[in-house]
Amino acid sequence: MNAVRTIVGIMMAAALAIVVILTVTDVKVLHDYGFFAEEYEKNKVPESTGISLDDLMLVTRQLLHYMTGQQDELQISVTVQGQQRPFFSERELSHMVDVRNLTLLGRQVRNGCVIFLAAGAVILGWKEEGRRRLCRVMAVALPLVLAIGALLAYGVSRDFTAAFLRFHEIFFTNDLWLLDPSVDLLVNIVPEAFFADTALRIGINSAVALAVCFGLLLWGGRKRGMR
């Protein structure tokens, strides 16, 4: 029984990390329009594309609403170099269907992990001894999860381009994500530098949140007599 508790506790630590990372992505990226505005200005997107910042933010709002399931259609016209045109090409629209599905799947995974954490806490922690053991196992396992995440982050930082390509090869079953900068506007407003900053933003905020969770586990364990 103790072995089962240990295994479940380790799985709960991993589930907690998944919940934190996906929640940070949701809050700090998918609902933070200020981040996009800062990135557009930092990467000089209005100058390079000929699209005003106001139009870029209008596109961003439509894009994020579509990705998060708040609207079902994605198409908008903007002024590019003084000419009115639809922003998204047919290839981009097809790719964004895949992105939307991946985003919504991420939310389902996060919700499933929350349910798993709640069930584990109730089943394993309904007695004092169970709560002590659960806190002990998660307090030990969570730093291991953080260490694995740190190793992955180090690998990504060494060659972000390779990691970026590998991510798309793993999570997408087609090549629609290979966009042409001379035709497709999307690849021009969110260049590789944008995704590098996004990964850094998610990584730092997730690490801070998980460190807080680790501190709470230690505090809870000591409250319950954990050595």
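Screening MET67 on (1) open to solvent by less than 40 Å² (accessible area, probe 1.4 Å); (2) under 15 Å from the mean Cα position of the chain (by Cα); (3) touching a residue at least 60 places away in the same chain (Cβ under 8 Å) shows it passes everything except condition (3). Residues in the stretch 167-191 that are under 16 Å from the mean Cα position of the chain (by Cα) and open to solvent by 70 Å² or more (accessible area, probe 1.4 Å): PHE167, ILE170, PHE171. Only one of the numbered conditions (1) in a helix (DSSP H, G or I); (2) open to solvent by 60 Å² or more (accessible area, probe 1.4 Å) is not met by ALA162, and that is (2).
The condition (being among the hydroxyl-bearing types (Ser, Thr, Tyr), at pLDDT below 95, in a helix (DSSP H, G or I) and surrounded by 11 or more Cβ atoms within 10 Å (Cβ to Cβ)) is satisfied by just one residue among SER157, SER94: SER157. Does the stretch 25-41 hold any residues that are in a helix (DSSP H, G or I) and in contact (Cβ under 8 Å) with a residue 24 or more places away in the chain, and which are they? Within the stretch 25-41, THR25, ASP26, LYS28, VAL29, LEU30, TYR33, PHE35, PHE36, GLU39, TYR40 meet the criteria. Please verify whether LEU144 is surrounded by 12 or more Cβ atoms within 10 Å (Cβ to Cβ) and in contact (Cβ under 8 Å) with a residue 24 or more places away in the chain, treating the condition exactly as stated. When the stated conditions are applied, LEU144 passes them.
Residue selection: LEU22 satisfies the criterion of being within 19 Å of ARG201 (Cβ to Cβ), at pLDDT 95 or above, assigned to a helix (DSSP H, G or I) and open to solvent by 20 Å² or more (accessible area, probe 1.4 Å).
For the stretch 50-61, indicate whether the set of residues that are closer than 23 Å to SER206 by Cα and either at pLDDT 95 or above or open to solvent by 20 Å² or more (accessible area, probe 1.4 Å) (or both) is non-empty. No, there is no match, as no residue in the stretch 50-61 is closer than 23 Å to SER206 by Cα and either at pLDDT 95 or above or open to solvent by 20 Å² or more (accessible area, probe 1.4 Å) (or both).
The values are calculated or read from the model by the stated rules, or taken from the named source; none is laboratory data. Just so it is clear, the structure is predicted and the values come from calculations on it, not from any experiment. Backbone-built Cβ (ideal geometry, glycine too); neighbour counts: all protein chains shown. Calculation scope for accessible area: heavy atoms of the full protein, side chains included, ligands and nucleic acids excluded. Shrake-Rupley method; radii C 1.70, N 1.55, O 1.52, S 1.80 Å.
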